[in-house]
Amino acid sequence: MNYEMGDIDIAWCPGCGNYGILRAIKQTLSELEIKTEDLVVVSGIGQAAKLPQYLRCNYFNGLHGRPLPAAFAIKVANPGLNVIVTSGDGDIYGEGGNHFIHAIRRNPNITLFVHDNMVYGLTKGQASPTSAIGFKTNIQLGGVAIEPFNPISVAIALNASFVARAFIGDAKESADIFKKAIKHKGFALVDIFQPCVTYNKVNTFKWFKDNTYYLDSSYNPLDRNEAFKIAMERDKLALGVIYVNNDREIFEDKLSVYKDNKEPLYMRTLNKENLQVSILERR
């Protein structure tokens, strides 16, 4: 499958980790042989949220912090689509934190790739929800004073059906994780460490390389208690598939509109008379 947009201007800084994520997503989609007409990529606002514009696909670029509800609606209207959300740590965990929580609760069959560079890259380098204590910016002159948001532990606490973490400096390993996330049936979170070369001089490619490790084959991602321990580690941060729950039913399968009729909502003819009666009955 060809996901290339041709000769276009990509508005990311040279060396930005977003380039690696874009390449890895293209590789993953090609290897899974997902047709462009069967794919919708959704994003919010931010440097990471520009990614769908550099990918030959159907996409929806929405409001800051609101990509998940848009993706949720798209999936409900057409469950046969592969729906991927790709946006930044500020967009998903900050402005969109409430949507992040409830998307996990609903468990729609969508994949969420979060570009986690621990800083706001679009709006000139403010601390993001995942910035470490002590991280100094032009706004946080004395350094960040609050505990960083831990998306992995939150997702496991909410019993997300798939939780993983990747480092885009390792292209092959990241693509392997992406592939598992897309193939998973249910809400799949991949928190992706990716350096911001302009505004974050602390969490660099070298820093991520020195402060992460890969879970080995003996690790069991079905063990929720062990996954919690991994999520709370501070000295070294684990990469790979951290938690999987295959027992949760996806949201689309619970909808009454699909109980006796599997035809996607977008293909159905709206009976206005019945709709009006239904509205009056509810009143």
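Readers should treat all values here as calculations from the given coordinates under stated rules, not as data from a laboratory. Keep in mind that this is a model prediction, so the values were computed, not measured. Positions of Cβ are generated from backbone atoms using ideal geometry, with glycine treated the same way; all protein chains shown enter the neighbour counts.
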**Request:** Give a residue-ordered list of calculated ³J(HN,Hα) values for region 162-168 (Karplus: 6.51 cos²θ - 1.76 cosθ + 1.60, θ = phi - 60°; whole Hz; x for Gly, Pro).
**Result:** 7, 9, 9, 9, 10, 10, 6
**Prompt:** Can you tell which of Y243, Y213, Y120 shows the greatest fluctuation in a Gaussian network model of the chain with Cα springs below 10 Å?
**Reply:** Y213
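Going down the table (K75/K183; K26/K172; K124/K172; K172/K206), which pairs top 22 Å between alpha carbons? Please list the in-between numbers first.
On the way: K75/K183 15 Å; K26/K172 12 Å; K124/K172 31 Å; K172/K206 17 Å.
Going by Cα-Cα distance, K124/K172 fall outside the 22 Å limit.
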**Helical contribution to [θ] at 222 nm, DSSP H n ≥ 4, -39,500 (n - 2.57), averaged over the chain, rounded to 500** = -8500 deg cm²/dmol
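Quick one: dipole size for the chain, taken about the Cα centre, charges +1 on Lys/Arg Cβ and -1 on Asp/Glu Cβ, in debye to the nearest 20.
Working: 32 positive and 30 negative charges, 81 e Å.
Value, rounded to 20: 380 debye.
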**Prompt:** Say a site is exposed when it is one of the GluC sites (Glu not before Pro), sits in a DSSP loop, and has at most 12 other Cβ atoms within 10 Å; what is then the longest site-free stretch of the chain?
**Reply:** 34-232
**Fill in**
Looking only at aspartates and glutamates whose Cα falls under 12 Å of K180's and that sit 8 or more positions away or on another chain, we get E31
**Request:** Determine the shape class of region 134-181: with a ≥ b ≥ c the square roots of the Cα gyration tensor eigenvalues, call it rounded for a/c under 1.5, and otherwise prolate if a/b is greater than b/c, oblate otherwise.
**Result:** oblate
**Asked** Given R₀ = 45 Å, FRET efficiency for R224-N2 by Cβ-Cβ distance, to 0.05?
**Response** 0.65
**Request:** Name the long-range amide H neighbours of Y214: under 5 Å, sequence gap of 5 or more, or other chain; modelled H, no Pro or chain starts.
**Result:** L239
**Prompt:** In nm, to one decimal, how far is the D235 label point from the A157 one, both placed 7 Å along Cα→Cβ?
**Reply:** 2.5 nm
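Relative contact order of the chain: what whole-number percent is it, with Cα pairs under 8 angstrom and at least 6 residues apart? Walk me through the numbers on the way to the answer.
On the way: 549 pairs, mean separation 49.7, N = 283.
Computed value for the chain: 18 percent relative contact order.
Under the rule a/c < 1.5 gives rounded, and otherwise a/b versus b/c splits prolate from oblate, where does region 1-154 land using the Cα gyration tensor?
Verdict is oblate for region 1-154.
Expressed in nm to one decimal, what extension gain is obtained for the pair K185 and T36 from 0.36 nm per residue of sequence separation less their Cα-Cα distance? Present the calculation step by step, with values, prior to reporting the outcome.
Numbers: separation 149, 0.36 × 149 = 53.64 nm, distance 1.95 nm.
Extra length from K185 to T36 when fully extended: 51.7 nm.
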**Complete:** Taking region 17-282, the equivalent ellipsoid from its C-alpha gyration tensor has semi-axes in Å, biggest first, of 33, 20, 18
**Prompt:** By the gyration tensor of its Cα atoms, with a ≥ b ≥ c the square roots of the eigenvalues, what is the shape of region 37-117: rounded for a/c under 1.5, prolate for a/b over b/c, or oblate?
**Reply:** oblate
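What share of the DSSP beta bridges in the chain is antiparallel, in percent to the nearest 5? Working shown, then result.
Details: 4 of 32 bridges.
Among the beta bridges of the chain, antiparallel pairing accounts for roughly 10 percent.
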